[in-house]
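Have a look at the structure below, then the notes.
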Amino acid sequence: MKGIKGPIFASLGMTLTFTVAGVIVGLLSLIPIMAQDSVERTTVGFIMLAVSVILISMGINSYFQTKRFLRYITLIVAHEMTSIEEIAANTKHQCVRRTKKDLQNMLSWGYFEGSVIDEETNEIIVNYEDDEDDSDEPPDWSKDFR
């Protein structure tokens, strides 16, 4: 199976980038706020502080999304679940619509390369083809995500 590790590292990179940028902007916003030499500089400081809060919240949301994605990967690859209802039942939120939307996002972002969601059966059809391995068994990726 191709295309799982790259997107996971990209998601973790986004999480780290947003969070670090938010902290840096937040710290820099304290300079004009604490100077209080003009209303304009103080206003700029508070705007920077608001931007830092937004960046940090984006980082936190990205972290929780990556955690959900890792859970889906574990259920699909290690436990060989394909039913979206069954996958949703084994997650914290247990919402089929959210699970399906997350899986669609994962597929469009390059996870499970060559896989699709069958709308009729409400299942994810996973493509286990790999150029390096010609066996009929799916690879054991579960050890990579513990």
What ranking of L75, L16 emerges when the number of other C-beta atoms within 10 Å of each C-beta is taken as an exposure proxy, fewest first? L16, L75
If neighbour count is taken as other Cβ atoms inside 10 Å, put S52, S57, S108 in order from fewest to most. S108, S57, S52
Give me the number: length gained by fully extending T91 to F46, i.e. 0.36 nm times residue separation minus the C-alpha to C-alpha distance, one decimal in nm. 12.3 nm
Amide H partners (placed H, <5 Å) of I117, local residues excluded: I125
Could you state the principal axis extents of the C-alpha atoms in the stretch 5-145, from the largest down, to the nearest angstrom? 70, 33, 22
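Since every read-out is calculated from the coordinates, none of them should be taken as a lab result. Quantities reported herein were computed from a predicted structural model and do not represent experimental measurements. Note that each Cβ is placed from the backbone with ideal geometry, even for glycine, and that neighbours are counted across all protein chains shown.
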